[in-house]
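The values are calculated or read from the model by the stated rules, or taken from the named source; none is laboratory data. Note that the coordinates shown come from a computational prediction; the quantities given were computed from them, not determined experimentally. Here Cβ is always computed from backbone atoms with ideal geometry, including for glycine, and neighbour counts include all displayed protein chains.
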Amino acid sequence: MRLIGLTGGMGSGKTTVAKMFQDLKVPVYNSDTEAKRLMNEDAGLRPAIIKLFGDQAYKDDTLNRGFLAEKAFADKALLSKLNNIVHPAVRKDFKSWAKRQQVPYVIQEAAILFENDGYKGFDQMILITAPKKIRIGRIRKRDGLTEKAILERMQHQWPEKKKKELAHYVINNKNLEDTRKQVLKIHNRILQKSLET
């Protein structure tokens with residue numbers, strides 16, 4: 001079974017593209033969703049997060065996501081420490097999940113697979129891109145953040161040019177119909193490669 005990484009900057013449309021792969025019966029592991037679950041449920045993660053952020057990290061026994069995001073995105077060192085706690089737990093959980101799938105390939109969808117060297121653990125990488133203006137518009141609509149807050153978060157991610165050099169496939173996600181065609185083409189190529197190995 002091949003392990004495929006799917007990544008892209010904020011607002012590029014990772015979740016939309018992941019859903020298109022799921023429609024083709026490809027199992028997709030959503031790192032963001034699973035990280036939130038692990039941060040709430042994993043016995044090892046909770047004390048480490050409280051140690052880093054204090055008791056406010058959890059509110060009513062649930063992860064205080066707004067508080068964490070506000071603190072982490074305002075402090076690069078703190079964000080790096082949080083990632084160093086959460087990413088290994090997510091990676092371990094993904095590998096365990098992948099072993100249970102009986103398919104030619106699985107996808108892990110994650111925001112910063114290049115930035116944290118996570119891409120090295122995959123057979124191939126898919127990068128989702130979209131013009132910055134479109135990405136900002138999508139995030140504002142989805143999360144209700146200000147443009148300043150969005151740009152602040154974007155600066156923690158690599159520029160697309162740098163990611164493109166490491167990606168095996170690039171999907172330009174501007175038009176849904178066109179994106180769907182790109183997904184199908186990549187799906188067929190990955191299946192072909194799975195048969196060859």
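Within the stretch 168-179, the set of residues being assigned to a helix (DSSP H, G or I), in contact (Cβ under 8 Å) with a residue 24 or more places away in the chain and surrounded by fewer than 16 Cβ atoms within 10 Å (Cβ to Cβ) comprises Leu176 only.
Taken together, the residues in the stretch 142-167 that are assigned to a helix (DSSP H, G or I) and within 18 Å of Ala69 (Cα to Cα) amount to 10. For Ala69, the conditions (1) farther than 24 Å from Leu45 by Cα; (2) part of a helix (DSSP H, G or I); (3) aliphatic (A, V, I, L, M) are fulfilled apart from (1).
Taking the criterion of being among the polar types (S, T, N, Q), part of a helix (DSSP H, G or I) and loosely packed, with under 12 Cβ neighbours inside 10 Å, the residues of the stretch 23-63 that qualify are Thr33, Gln56.
Taken as a whole, the stretch 55-62 holds no residue that is out of contact with any Lys or Arg (no Cβ under 9 Å at 6 or more places or on another chain), under 19 Å from Met154 (Cβ atoms) and at pLDDT 90 or above. Report yes if some residue within the stretch 84-94 is in contact with a His (Cβ under 9 Å, 6 or more places away or on another chain) and surrounded by fewer than 18 Cβ atoms within 10 Å (Cβ to Cβ); otherwise report no. No, there is no match, as no residue in the stretch 84-94 is in contact with a His (Cβ under 9 Å, 6 or more places away or on another chain) and surrounded by fewer than 18 Cβ atoms within 10 Å (Cβ to Cβ). Of the residues that make up the stretch 8-22, is at least one outside any helix (DSSP H, G or I), of a type in the set (Ser, Thr, Tyr) and within 29 Å of Pro159 (Cβ to Cβ)? Yes, that holds for at least one residue.
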